[in-house]
Amino acid sequence: MRTITVIKKEMTVRFMSNANLAEAYGYKIDSSFEEEFSLLSLENIFFDIVAFAIFILEKLFTQHSKEVKQSIYEQKIGSLRWYRNKALAFQYGFDLITDTDRFNNDGANEDQINGSKIIKYSAVTEAVDETRVIVKIAGESDEKLTPITPDQQSAFEFYIKELRFAGTPLTVINFEPDRLYLTIDIQIDRLVLLDNGVSIRDGNKPVEDALQQYMKELPFNGELILQSMVDKLQTVEGVVIVNVINVESSWIDGNTNDYGQPEPIDIKKIPESGYFEIVNFDSIKYVV
C-alpha cells in the first residue's frame, strides 16, 4: 500500500508538469514542488490533506479486501477451516434451525448465547494414514484449557456429525492434555537466583513461570519446539545456560482411555490432545 509521502509526491509531480499551471504560477515545468512552495502555502496544505484522505481510503479498501478474502476462505463448505469454525460456533443446549447449520437463538439473551459456546479452542486436521477428519476441541476453566464434559461431548458429536459431508469419517478428540515431562539443568547467576530457583528479589520461581507462560503462548494444536522453549528460558533474569537433558510426553490412548508410556521429544511435537500440561518441575535442577 502506498504511503502518504508517495501519494503526495505523485500528485505534486503531475502538478508541476502541467504547462497551464506553470504559466499561471510562473515556475519552470517539472521543477521541484518543495522548492517553489513553502510548507505553509495553501497548495502544500491542500496536497497534504488530499494525500492523507487518499491514504485512509486505500487503507480501508485494503482491509476490506483482506476481510472479504478471509471470509470467503473460511466459508468454503467442507474445508478444514469450515469444520473448525463450526466447532467454535457450537452452542450447548440450543437447537439448530431446521435444514440449516445455524442455531435458533430466539428468546435467548446475549449472556445465555455466549455461555452456551463451550468450545473455546479447536483444530481440524486430516488423518495421515486414512481418509478421516479429526476435530480436536477443548473448553476453558479458570483460564486453563480443559476437556468438555461427557454430556457436552455427546451433544457436540451429534451436532458436528449432522453437519459433516456425507461419507466423511470424522473423529472428535476431547482429551485431557498431553503430559509433558521435563528434565533440564539450568546454570544460574547466584546473585539473582537461589539454589532452588527462587528469585532473590521477587520470591517467585521465574523459570517455572516462564515455562508455564510458554505453554500458554503455544497456539492450540501448535508445535512445541524445544529450541523455542530454550530461547524462552534464556530470557529469564538469572539464567545463564539452559541444558535440556530429556523431554518426554504421553497422551490419552483412545482405545484404553488412559495415558500411554512417555515418549521422547527430540526436536518438536504436536500434542495429540491439542495442548500440553507440564506434570511437575521436580526434574529441573539449578546449578551454579
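For the chain, what is the accessible area per residue in Å², given a 1.4 Å probe and the full set of protein chains?
Result: 62 Å² of accessible area for each residue.
Loop only per DSSP, at most 15 neighbouring Cβ atoms within 10 Å: give me the trypsin sites (Lys or Arg not before Pro) in segment 77-140, ordered by residue number.
Passing both the DSSP loop test and the Cβ count: Arg102, Lys117, Lys120, Arg132.
Percent relative contact order of the chain, based on C-alpha pairs within less than 8 angstrom and at least six residues apart?
15 percent
Measure of size requested: the Rg and Dmax of segment 198-240, with Cα atoms as the atom set and Å as the unit; please supply both.
11.4, 36
For a quick check: with amide H placed at 1.01 Å from N, whose amide H comes under 5 Å from Ala138's, ignoring anything fewer than 5 positions away on the same chain?
Here the answer is Lys120, Tyr121, since their amide H atoms fall under 5 Å of that of Ala138.
From the phi of every residue in segment 272-288, what ³J(HN,Hα) in whole Hz does the Karplus formula 6.51 cos²θ - 1.76 cosθ + 1.60 yield, where θ is phi - 60° and glycine or proline is x?
Running phi through 6.51 cos²θ - 1.76 cosθ + 1.60 with θ = phi - 60° gives 5, 7, x, 7, 10, 9, 6, 5, 6, 10, 5, 9, 9, 10, 10, 10, 9 Hz.
With only alpha-carbon pairs counted, each pair once and no self-pairs, how large is the Kirkwood hydrodynamic radius of segment 150-288 in angstroms?
One over the average 1/r among Cα pairs gives 17.0 Å for segment 150-288.
Could you pull out the chymotrypsin sites (Phe, Trp or Tyr not before Pro) across segment 91-121 that fall in loop regions by DSSP (anything but H, G, I, E, B) with no more than 13 other Cβ atoms inside 10 Å?
Loop-located and lightly packed - none at all.
Considering only C-alpha atoms, what is the centroid distance from segment 200-261 to segment 149-194, in Å?
15 Å
Quick one: putting +1 on the C-beta of Lys and Arg, -1 on the C-beta of Asp and Glu, what dipole do you get for the chain around its Cα centre, in Debye to the nearest 20?
640 debye
Are there chymotrypsin sites (Phe, Trp or Tyr not before Pro) in segment 240-283 that DSSP puts in a loop and that have at most 15 other Cβ atoms within 10 Å, and which ones?
Phe281
Tell me which DSSP H helices of the chain clear both cut-offs, 27 Å or more of axial length from alpha-carbon atoms and a mean Kyte-Doolittle hydropathy of at least -1.0.
In the chain, the long hydrophobic H runs are 42-74.
Considering only the other residues whose Cβ falls under 11 Å of the Cβ of Ala22, what net charge follows from Lys and Arg at +1 and Asp and Glu at -1?
Its environment carries a net charge of -2.
If you roll a 1.4 Å probe over the chain with all protein chains in place, what percent of the accessible area is carbon or sulfur?
51 percent
Would you mind counting up the charge near Lys59? Only other residues with Cβ under 12 Å from its Cβ, with Lys and Arg at +1 and Asp and Glu at -1.
+1
The values are calculated or read from the model by the stated rules, or taken from the named source; none is laboratory data. Note that the structure is a prediction, hence the values are computed from the model and not measured. Because the Cβ atoms are built from the backbone with ideal geometry, glycine has one as well, and the counts that use them run over all protein chains shown. Ligands, DNA and RNA are stripped out before the accessible areas are found, and what is left, the full protein with its side chains, is counted by its heavy atoms. Shrake-Rupley method; radii C 1.70, N 1.55, O 1.52, S 1.80 Å.
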